Amino acid sequence: MKRVKTGFLERRLELTKAGVISAGNYAARSALNMLLPPEEREARNRALLAQQAEYFVREIGKLKGSVVKIGQMMALYGEYFLPKEIKGALHKLEDSTEPLEWPSVHAALEAELGATRLAQLEVDEQPLAAASLSQAHRAYRRSDGQELCLKIQYPGIAQSIDTDFNAIVQLLNLSRILGNKTGVDIWLREIRHMLHLEVDYRHEAHQTQLMGELLSDDARFVVPRVIEEFSGTTVLALSWEPGLSINDSKVQALPQPRRDALGEAMLDLFLSEVFDWGKMQTDPNFGNYLIRPGTEGAQDQLVLLDFGAVKSFDRAFMQPFKAMVKAAYDEDPAAYLDYAMRLGFMQEGFPEQILQDFAEISMAVIEPLAKHPERLPPEVLNASGAYHWKNSRLPRRIAKQASKASLSRYFALPPQEFMFINRKLLGVYTFIMMLDGQFNGGELLQRRFA
(Lines give C-alpha, C1' and ligand atoms only; values in the text may rest on other atoms or scores of the structure.)
Protein backbone atom coordinates (compact mmCIF):
# COMPACT_ATOMS: atom_id res chain seq x y z
CA MET A 1 0.00 0.00 0.00
CA LYS A 2 1.58 3.26 -1.13
CA ARG A 3 -0.68 5.55 0.87
CA VAL A 4 -3.76 5.64 3.07
CA LYS A 5 -6.70 7.53 1.57
CA THR A 6 -7.20 10.49 3.87
CA GLY A 7 -8.51 13.18 1.51
CA PHE A 8 -11.90 14.60 2.45
CA LEU A 9 -13.50 14.13 -0.98
CA GLU A 10 -12.28 10.63 -1.78
CA ARG A 11 -13.23 9.23 1.62
CA ARG A 12 -16.57 11.04 1.74
CA LEU A 13 -17.44 9.75 -1.74
CA GLU A 14 -16.59 6.18 -0.78
CA LEU A 15 -18.63 6.37 2.43
CA THR A 16 -21.56 8.04 0.69
CA LYS A 17 -21.56 5.41 -2.04
CA ALA A 18 -21.64 2.64 0.55
CA GLY A 19 -24.43 4.35 2.47
CA VAL A 20 -26.61 5.07 -0.57
CA ILE A 21 -26.36 1.53 -1.92
CA SER A 22 -26.91 0.01 1.52
CA ALA A 23 -29.89 2.25 2.35
CA GLY A 24 -31.39 1.79 -1.12
CA ASN A 25 -31.29 -1.98 -0.92
CA TYR A 26 -32.75 -1.88 2.58
CA ALA A 27 -35.63 0.43 1.57
CA ALA A 28 -36.55 -1.63 -1.49
CA ARG A 29 -36.57 -4.94 0.35
CA SER A 30 -38.36 -3.47 3.38
CA ALA A 31 -41.19 -2.35 1.09
CA LEU A 32 -41.60 -5.89 -0.20
CA ASN A 33 -41.58 -7.25 3.34
CA MET A 34 -44.64 -5.13 4.20
CA LEU A 35 -46.75 -7.67 2.30
CA LEU A 36 -45.73 -10.48 4.67
CA PRO A 37 -47.44 -11.57 7.91
CA PRO A 38 -46.10 -9.72 11.03
CA GLU A 39 -44.06 -12.65 12.38
CA GLU A 40 -42.40 -13.40 9.06
CA ARG A 41 -41.92 -9.68 8.38
CA GLU A 42 -39.92 -9.23 11.61
CA ALA A 43 -37.66 -12.18 10.83
CA ARG A 44 -37.08 -10.96 7.27
CA ASN A 45 -36.35 -7.43 8.44
CA ARG A 46 -33.71 -8.65 10.88
CA ALA A 47 -32.11 -10.82 8.21
CA LEU A 48 -32.14 -7.83 5.87
CA LEU A 49 -30.54 -5.63 8.50
CA ALA A 50 -27.78 -8.21 8.90
CA GLN A 51 -27.17 -8.23 5.13
CA GLN A 52 -27.12 -4.43 5.07
CA ALA A 53 -24.63 -4.36 7.93
CA GLU A 54 -22.34 -6.89 6.24
CA TYR A 55 -22.27 -4.83 3.04
CA PHE A 56 -21.70 -1.55 4.85
CA VAL A 57 -18.87 -2.95 6.96
CA ARG A 58 -17.23 -4.63 3.97
CA GLU A 59 -17.17 -1.36 2.06
CA ILE A 60 -15.88 0.86 4.87
CA GLY A 61 -13.25 -1.75 5.68
CA LYS A 62 -11.69 -1.09 2.28
CA LEU A 63 -10.88 2.49 3.31
CA LYS A 64 -8.63 1.45 6.21
CA GLY A 65 -7.49 4.29 8.46
CA SER A 66 -9.73 5.85 11.07
CA VAL A 67 -12.91 4.41 9.54
CA VAL A 68 -11.85 0.95 10.66
CA LYS A 69 -10.92 2.18 14.14
CA ILE A 70 -14.26 4.01 14.46
CA GLY A 71 -16.10 0.84 13.50
CA GLN A 72 -14.12 -1.22 15.98
CA MET A 73 -14.79 1.21 18.82
CA MET A 74 -18.49 1.28 18.02
CA ALA A 75 -18.53 -2.53 18.09
CA LEU A 76 -16.62 -2.52 21.37
CA TYR A 77 -18.68 0.11 23.19
CA GLY A 78 -21.95 0.09 21.22
CA GLU A 79 -23.36 -2.86 23.15
CA TYR A 80 -26.22 -0.80 24.55
CA PHE A 81 -27.28 1.25 21.51
CA LEU A 82 -26.51 -0.76 18.36
CA PRO A 83 -28.62 -3.67 17.04
CA LYS A 84 -26.90 -7.02 17.43
CA GLU A 85 -26.74 -7.43 13.63
CA ILE A 86 -24.67 -4.26 13.33
CA LYS A 87 -22.44 -5.15 16.26
CA GLY A 88 -21.80 -8.59 14.79
CA ALA A 89 -20.76 -7.13 11.46
CA LEU A 90 -18.58 -4.42 13.00
CA HIS A 91 -16.72 -7.01 15.08
CA LYS A 92 -15.44 -8.48 11.80
CA LEU A 93 -13.43 -5.35 11.04
CA GLU A 94 -9.82 -6.39 11.38
CA ASP A 95 -7.32 -4.00 12.91
CA SER A 96 -4.49 -5.67 11.05
CA THR A 97 -4.20 -4.34 7.53
CA GLU A 98 -1.88 -4.17 4.54
CA PRO A 99 1.20 -2.22 5.62
CA LEU A 100 2.33 1.05 4.13
CA GLU A 101 5.28 0.68 1.75
CA TRP A 102 8.71 1.53 3.17
CA PRO A 103 9.35 4.67 1.07
CA SER A 104 6.16 6.23 2.49
CA VAL A 105 7.09 5.15 6.02
CA HIS A 106 10.61 6.51 5.63
CA ALA A 107 9.21 9.82 4.42
CA ALA A 108 6.90 10.01 7.45
CA LEU A 109 9.81 9.27 9.80
CA GLU A 110 12.03 11.90 8.18
CA ALA A 111 9.24 14.49 8.28
CA GLU A 112 8.81 13.96 12.04
CA LEU A 113 12.39 13.34 13.21
CA GLY A 114 14.44 15.13 10.59
CA ALA A 115 17.23 13.58 8.54
CA THR A 116 19.89 13.98 11.24
CA ARG A 117 18.02 12.19 14.01
CA LEU A 118 16.72 9.50 11.67
CA ALA A 119 20.28 8.78 10.55
CA GLN A 120 21.06 7.77 14.15
CA LEU A 121 18.71 4.81 13.76
CA GLU A 122 18.83 1.62 11.76
CA VAL A 123 15.18 0.81 11.05
CA ASP A 124 13.96 -2.58 9.85
CA GLU A 125 11.99 -1.95 6.67
CA GLN A 126 9.66 -4.89 7.37
CA PRO A 127 6.94 -3.86 9.85
CA LEU A 128 6.32 -5.82 13.02
CA ALA A 129 2.59 -5.15 12.65
CA ALA A 130 0.25 -2.89 10.69
CA ALA A 131 -3.00 -1.61 12.17
CA SER A 132 -5.71 0.85 11.14
CA LEU A 133 -3.98 4.00 12.43
CA SER A 134 -0.29 3.12 12.48
CA GLN A 135 2.33 0.46 12.03
CA ALA A 136 5.29 -0.63 14.14
CA HIS A 137 8.92 -1.19 13.11
CA ARG A 138 11.87 -2.56 15.02
CA ALA A 139 14.90 -0.29 15.14
CA TYR A 140 18.40 0.00 16.65
CA ARG A 141 20.21 3.07 17.91
CA ARG A 142 23.52 3.06 16.10
CA SER A 143 25.48 4.61 18.98
CA ASP A 144 24.91 1.80 21.48
CA GLY A 145 22.76 -0.88 19.81
CA GLN A 146 19.71 -0.04 21.95
CA GLU A 147 16.70 -1.93 20.53
CA LEU A 148 13.59 0.17 19.94
CA CYS A 149 10.05 -0.23 18.77
CA LEU A 150 8.85 2.66 16.58
CA LYS A 151 5.11 3.29 16.39
CA ILE A 152 4.56 5.34 13.24
CA GLN A 153 1.25 7.05 12.54
CA TYR A 154 -0.06 7.02 8.99
CA PRO A 155 0.16 10.46 7.33
CA GLY A 156 -3.07 12.44 7.46
CA ILE A 157 -4.88 10.00 9.75
CA ALA A 158 -5.34 12.44 12.64
CA GLN A 159 -6.89 15.03 10.33
CA SER A 160 -9.40 12.55 8.85
CA ILE A 161 -10.95 11.37 12.14
CA ASP A 162 -13.67 14.00 12.44
CA THR A 163 -14.63 13.74 8.77
CA ASP A 164 -14.89 9.96 8.96
CA PHE A 165 -16.72 10.00 12.27
CA ASN A 166 -19.32 12.53 11.11
CA ALA A 167 -19.90 10.62 7.89
CA ILE A 168 -20.38 7.26 9.61
CA VAL A 169 -22.75 8.65 12.25
CA GLN A 170 -24.75 10.42 9.55
CA LEU A 171 -25.07 7.21 7.54
CA LEU A 172 -26.06 5.20 10.60
CA ASN A 173 -28.72 7.80 11.41
CA LEU A 174 -30.05 7.79 7.85
CA SER A 175 -30.30 4.01 7.98
CA ARG A 176 -32.09 4.27 11.36
CA ILE A 177 -29.47 1.95 12.81
CA LEU A 178 -28.61 4.02 15.88
CA GLY A 179 -30.99 3.47 18.77
CA ASN A 180 -32.95 6.26 20.41
CA LYS A 181 -31.74 5.57 23.95
CA THR A 182 -31.08 8.59 26.10
CA GLY A 183 -27.40 9.46 26.11
CA VAL A 184 -26.37 8.12 22.69
CA ASP A 185 -25.05 11.53 21.60
CA ILE A 186 -22.98 11.84 24.79
CA TRP A 187 -21.55 8.38 24.23
CA LEU A 188 -20.71 9.10 20.58
CA ARG A 189 -18.86 12.25 21.67
CA GLU A 190 -16.87 10.13 24.10
CA ILE A 191 -15.90 7.68 21.35
CA ARG A 192 -14.78 10.62 19.20
CA HIS A 193 -12.68 11.94 22.11
CA MET A 194 -11.04 8.56 22.64
CA LEU A 195 -10.20 8.36 18.95
CA HIS A 196 -8.39 11.68 19.13
CA LEU A 197 -6.43 10.41 22.15
CA GLU A 198 -5.39 7.35 20.12
CA VAL A 199 -3.53 9.59 17.65
CA ASP A 200 -2.09 11.95 20.27
CA TYR A 201 1.34 10.38 20.71
CA ARG A 202 2.53 12.99 23.20
CA HIS A 203 -0.42 12.05 25.41
CA GLU A 204 0.41 8.36 24.99
CA ALA A 205 4.06 8.98 25.86
CA HIS A 206 3.02 10.82 29.04
CA GLN A 207 0.60 8.04 30.05
CA THR A 208 3.24 5.38 29.37
CA GLN A 209 5.74 7.18 31.59
CA LEU A 210 3.13 7.67 34.32
CA MET A 211 2.18 3.98 34.28
CA GLY A 212 5.85 3.06 34.44
CA GLU A 213 6.23 5.20 37.56
CA LEU A 214 3.13 3.70 39.21
CA LEU A 215 4.40 0.16 38.63
CA SER A 216 8.13 0.77 39.09
CA ASP A 217 8.24 -1.20 42.36
CA ASP A 218 6.05 -4.10 41.20
CA ALA A 219 8.16 -6.89 39.67
CA ARG A 220 5.09 -8.49 38.10
CA PHE A 221 4.86 -5.82 35.39
CA VAL A 222 7.03 -4.41 32.63
CA VAL A 223 6.20 -1.04 31.03
CA PRO A 224 8.27 0.07 28.02
CA ARG A 225 10.43 3.17 28.47
CA VAL A 226 9.74 6.14 26.23
CA ILE A 227 12.81 7.11 24.20
CA GLU A 228 12.10 10.83 23.95
CA GLU A 229 14.89 11.72 21.51
CA PHE A 230 13.14 9.71 18.78
CA SER A 231 9.53 10.49 19.74
CA GLY A 232 7.28 13.26 18.52
CA THR A 233 3.75 14.06 17.36
CA THR A 234 3.42 11.15 14.93
CA VAL A 235 6.24 8.82 16.04
CA LEU A 236 6.52 7.09 19.41
CA ALA A 237 9.81 5.36 20.26
CA LEU A 238 9.74 2.77 23.04
CA SER A 239 12.24 0.35 24.48
CA TRP A 240 12.00 -3.09 22.89
CA GLU A 241 10.26 -5.43 25.35
CA PRO A 242 10.07 -9.08 24.24
CA GLY A 243 7.33 -11.40 25.37
CA LEU A 244 4.89 -14.11 24.28
CA SER A 245 1.21 -13.87 23.40
CA ILE A 246 -1.26 -15.46 25.78
CA ASN A 247 -2.02 -18.11 23.16
CA ASP A 248 1.61 -19.22 22.87
CA SER A 249 2.08 -22.90 23.71
CA LYS A 250 4.87 -22.03 26.17
CA VAL A 251 2.46 -19.83 28.14
CA GLN A 252 -0.33 -22.39 28.06
CA ALA A 253 2.13 -25.04 29.30
CA LEU A 254 3.11 -23.08 32.43
CA PRO A 255 2.26 -24.86 35.71
CA GLN A 256 -1.14 -24.00 37.20
CA PRO A 257 0.23 -21.89 40.10
CA ARG A 258 2.20 -19.70 37.68
CA ARG A 259 -0.81 -19.19 35.40
CA ASP A 260 -2.91 -18.36 38.46
CA ALA A 261 -0.33 -15.77 39.56
CA LEU A 262 -0.40 -14.13 36.12
CA GLY A 263 -4.20 -14.02 36.23
CA GLU A 264 -4.15 -12.49 39.70
CA ALA A 265 -1.64 -9.88 38.50
CA MET A 266 -3.94 -8.87 35.65
CA LEU A 267 -6.95 -8.62 37.96
CA ASP A 268 -4.95 -6.70 40.59
CA LEU A 269 -3.79 -4.25 37.90
CA PHE A 270 -7.39 -3.61 36.83
CA LEU A 271 -8.51 -3.00 40.42
CA SER A 272 -5.59 -0.62 40.98
CA GLU A 273 -6.50 1.34 37.85
CA VAL A 274 -10.13 1.74 38.88
CA PHE A 275 -10.01 2.05 42.67
CA ASP A 276 -6.50 3.28 43.50
CA TRP A 277 -5.44 5.47 40.58
CA GLY A 278 -8.73 6.49 38.94
CA LYS A 279 -7.00 6.06 35.58
CA MET A 280 -7.49 3.08 33.27
CA GLN A 281 -6.16 1.79 29.97
CA THR A 282 -9.53 1.08 28.35
CA ASP A 283 -8.64 -1.23 25.44
CA PRO A 284 -8.99 -4.91 26.44
CA ASN A 285 -7.36 -6.18 23.22
CA PHE A 286 -5.06 -9.12 24.01
CA GLY A 287 -2.47 -7.62 21.67
CA ASN A 288 -1.81 -4.97 24.32
CA TYR A 289 -0.30 -7.56 26.67
CA LEU A 290 2.64 -9.93 26.42
CA ILE A 291 3.80 -12.55 28.91
CA ARG A 292 7.46 -12.92 29.79
CA PRO A 293 7.99 -16.26 31.56
CA GLY A 294 10.68 -16.15 34.22
CA THR A 295 13.69 -18.42 33.93
CA GLU A 296 15.44 -20.29 36.75
CA GLY A 297 12.77 -19.35 39.26
CA ALA A 298 12.54 -15.67 38.30
CA GLN A 299 9.22 -13.78 38.40
CA ASP A 300 6.83 -14.30 35.48
CA GLN A 301 5.88 -10.87 34.13
CA LEU A 302 3.14 -9.12 32.20
CA VAL A 303 4.44 -6.70 29.55
CA LEU A 304 1.99 -3.81 29.19
CA LEU A 305 1.76 -2.13 25.79
CA ASP A 306 -0.21 0.73 24.23
CA PHE A 307 -1.42 3.48 26.56
CA GLY A 308 -3.14 5.57 23.91
CA ALA A 309 -6.67 4.88 25.17
CA VAL A 310 -6.25 5.88 28.83
CA LYS A 311 -9.27 7.39 30.59
CA SER A 312 -9.33 9.25 33.89
CA PHE A 313 -12.37 8.96 36.17
CA ASP A 314 -13.88 11.84 38.10
CA ARG A 315 -14.20 11.55 41.89
CA ALA A 316 -17.87 12.52 41.60
CA PHE A 317 -18.41 9.20 39.82
CA MET A 318 -15.81 7.06 41.57
CA GLN A 319 -16.92 7.66 45.17
CA PRO A 320 -20.51 6.40 44.75
CA PHE A 321 -19.33 3.75 42.29
CA LYS A 322 -16.85 2.36 44.81
CA ALA A 323 -19.62 2.34 47.45
CA MET A 324 -21.92 0.55 45.00
CA VAL A 325 -19.34 -2.16 44.34
CA LYS A 326 -18.73 -2.55 48.08
CA ALA A 327 -22.46 -3.02 48.63
CA ALA A 328 -22.46 -5.78 46.00
CA TYR A 329 -19.39 -7.34 47.66
CA ASP A 330 -21.15 -7.20 51.04
CA GLU A 331 -24.27 -8.77 49.45
CA ASP A 332 -26.41 -5.77 50.43
CA PRO A 333 -28.90 -5.32 47.55
CA ALA A 334 -30.75 -2.42 49.19
CA ALA A 335 -27.58 -0.33 49.54
CA TYR A 336 -26.49 -1.43 46.09
CA LEU A 337 -29.70 -0.20 44.44
CA ASP A 338 -29.51 3.06 46.40
CA TYR A 339 -26.09 3.88 44.95
CA ALA A 340 -27.19 2.63 41.52
CA MET A 341 -30.01 5.18 41.58
CA ARG A 342 -27.61 7.96 42.60
CA LEU A 343 -25.50 7.14 39.54
CA GLY A 344 -28.50 7.04 37.20
CA PHE A 345 -28.60 3.31 36.47
CA MET A 346 -32.09 2.97 37.93
CA GLN A 347 -34.85 5.27 39.18
CA GLU A 348 -37.22 5.13 42.10
CA GLY A 349 -40.61 3.88 41.02
CA PHE A 350 -39.29 1.28 38.59
CA PRO A 351 -41.07 -2.10 38.87
CA GLU A 352 -39.59 -4.36 41.52
CA GLN A 353 -38.75 -7.03 38.94
CA ILE A 354 -36.70 -4.54 36.89
CA LEU A 355 -34.71 -3.58 39.98
CA GLN A 356 -34.15 -7.22 40.91
CA ASP A 357 -33.00 -8.11 37.40
CA PHE A 358 -30.51 -5.23 37.44
CA ALA A 359 -29.17 -6.26 40.85
CA GLU A 360 -28.77 -9.88 39.70
CA ILE A 361 -26.71 -8.85 36.66
CA SER A 362 -24.47 -6.67 38.81
CA MET A 363 -24.01 -9.34 41.46
CA ALA A 364 -23.04 -11.80 38.72
CA VAL A 365 -20.34 -9.42 37.46
CA ILE A 366 -18.40 -9.68 40.72
CA GLU A 367 -19.03 -13.41 41.16
CA PRO A 368 -15.28 -14.24 40.91
CA LEU A 369 -14.63 -11.58 43.59
CA ALA A 370 -17.18 -12.97 46.03
CA LYS A 371 -16.73 -12.32 49.74
CA HIS A 372 -17.96 -15.84 50.45
CA PRO A 373 -16.86 -18.05 47.54
CA GLU A 374 -18.07 -21.12 49.40
CA ARG A 375 -21.64 -19.95 48.73
CA LEU A 376 -21.17 -19.97 44.96
CA PRO A 377 -22.66 -22.76 42.81
CA PRO A 378 -20.37 -25.81 42.88
CA GLU A 379 -20.07 -25.88 39.09
CA VAL A 380 -18.00 -22.65 39.12
CA LEU A 381 -15.50 -23.97 41.70
CA ASN A 382 -12.72 -26.52 41.36
CA ALA A 383 -12.18 -29.44 43.73
CA SER A 384 -10.24 -27.19 46.13
CA GLY A 385 -12.98 -24.56 46.30
CA ALA A 386 -11.17 -22.04 44.07
CA TYR A 387 -13.10 -20.15 41.40
CA HIS A 388 -12.63 -21.87 38.04
CA TRP A 389 -12.81 -18.95 35.64
CA LYS A 390 -12.97 -20.98 32.43
CA ASN A 391 -15.69 -23.35 33.61
CA SER A 392 -17.81 -20.47 34.88
CA ARG A 393 -18.54 -19.14 31.34
CA LEU A 394 -19.18 -15.84 33.14
CA PRO A 395 -18.64 -13.33 30.30
CA ARG A 396 -21.15 -15.18 28.15
CA ARG A 397 -23.70 -15.31 30.97
CA ILE A 398 -23.29 -11.61 31.72
CA ALA A 399 -23.57 -10.63 28.05
CA LYS A 400 -26.76 -12.65 27.68
CA GLN A 401 -28.36 -11.08 30.77
CA ALA A 402 -27.27 -7.56 29.79
CA SER A 403 -28.55 -7.94 26.24
CA LYS A 404 -31.95 -9.01 27.54
CA ALA A 405 -32.08 -6.14 30.04
CA SER A 406 -31.22 -3.58 27.35
CA LEU A 407 -34.48 -4.40 25.54
CA SER A 408 -36.52 -3.12 28.47
CA ARG A 409 -38.25 0.23 28.03
CA TYR A 410 -36.89 1.15 31.46
CA PHE A 411 -33.31 0.74 30.30
CA ALA A 412 -31.21 3.88 29.83
CA LEU A 413 -27.58 4.06 28.79
CA PRO A 414 -25.36 3.62 31.87
CA PRO A 415 -22.79 6.31 32.71
CA GLN A 416 -20.00 6.23 30.15
CA GLU A 417 -17.44 5.59 32.93
CA PHE A 418 -19.26 2.38 33.83
CA MET A 419 -19.35 1.22 30.22
CA PHE A 420 -15.57 1.61 29.92
CA ILE A 421 -15.01 -0.19 33.23
CA ASN A 422 -17.41 -3.00 32.43
CA ARG A 423 -15.95 -3.65 28.99
CA LYS A 424 -12.38 -3.69 30.35
CA LEU A 425 -13.42 -5.96 33.23
CA LEU A 426 -14.92 -8.51 30.84
CA GLY A 427 -11.66 -8.36 28.86
CA VAL A 428 -9.71 -9.06 32.05
CA TYR A 429 -12.02 -11.96 32.88
CA THR A 430 -11.53 -13.41 29.40
CA PHE A 431 -7.75 -13.03 29.71
CA ILE A 432 -7.82 -15.02 32.96
CA MET A 433 -10.05 -17.65 31.34
CA MET A 434 -7.49 -18.01 28.54
CA LEU A 435 -4.91 -18.79 31.22
CA ASP A 436 -7.38 -21.26 32.77
CA GLY A 437 -6.96 -19.41 36.05
CA GLN A 438 -8.32 -21.04 39.19
CA PHE A 439 -8.31 -18.67 42.16
CA ASN A 440 -10.64 -16.54 44.28
CA GLY A 441 -10.36 -12.81 43.69
CA GLY A 442 -12.31 -11.58 46.72
CA GLU A 443 -9.23 -10.71 48.75
CA LEU A 444 -7.90 -8.47 45.97
CA LEU A 445 -11.17 -6.51 45.96
CA GLN A 446 -11.45 -6.41 49.76
CA ARG A 447 -8.10 -4.62 50.00
CA ARG A 448 -9.62 -1.65 48.16
CA PHE A 449 -12.19 -1.18 50.92
CA ALA A 450 -9.71 -1.22 53.82
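What the table shows:
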{"quantity": "Average accessible area per residue (Å²) across segment 285-359 - probe 1.4 Å, nucleic acids and ligands excluded", "calculated": "49 Å²"}
{"quantity": "Karplus (6.51, -1.76, 1.60) ³J(HN,Hα), θ = phi - 60°, over segment 436-442, in Hz, Gly and Pro reported as x", "calculated": "6, x, 9, 7, 8, x, x"}
{"quantity": "Percent carbon-and-sulfur accessible area, segment 292-443, ignoring ligands, DNA and RNA, probe 1.4 Å", "calculated": "51 percent"}
{"quantity": "Solvent exposure ordering (accessible area, 1.4 Å, most first) of S66, S104, S143", "calculated": "S143, S104, S66"}
{"quantity": "Diffusion coefficient, µm² s⁻¹, Stokes-Einstein with Kirkwood Rh over alpha-carbon pairs of segment 124-178 at 25 °C and 0.890 mPa s", "calculated": "176 µm²/s"}
{"quantity": "Kirkwood Rh and Cα Rg combined as Rg over Rh, evaluated for segment 264-415", "calculated": "1.00"}
{"quantity": "Subset of K87/K322; K69/K390; K69/K424; K69/K151; K390/K424; K84/K400 violating a 19 Å alpha-carbon distance limit", "calculated": "K87/K322; K69/K390"}
{"quantity": "Cα gyration tensor shape for segment 226-339, rounded if a/c is under 1.5, else prolate or oblate", "calculated": "oblate"}
{"quantity": "Mean Cβ count within 10 Å, highest first, over the residues of peptides 425-435, 108-118", "calculated": "425-435, 108-118"}
{"quantity": "Portion, in percent, of the accessible area of segment 206-282 that falls on carbon or sulfur, probe 1.4 Å", "calculated": "50 percent"}
{"quantity": "Dipole of segment 130-287 [Lys/Arg +1, Asp/Glu -1 at C-beta], most positive-end residue of S132, G212, L269", "calculated": "S132"}
{"quantity": "Qualifying GluC sites (Glu not before Pro) for segment 201-300 [loop in DSSP, other Cβ within 10 Å: at most 10]", "calculated": "E296"}
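The values are calculated or read from the model by the stated rules, or taken from the named source; none is laboratory data. As the structure is a computational prediction, the values presented were derived from the model and not from experiment. Positions of Cβ are generated from backbone atoms using ideal geometry, with glycine treated the same way; all protein chains shown enter the neighbour counts. Heavy atoms of the whole protein, side chains included, go into the accessibility calculation; ligands, DNA and RNA do not. Shrake-Rupley method; radii C 1.70, N 1.55, O 1.52, S 1.80 Å.
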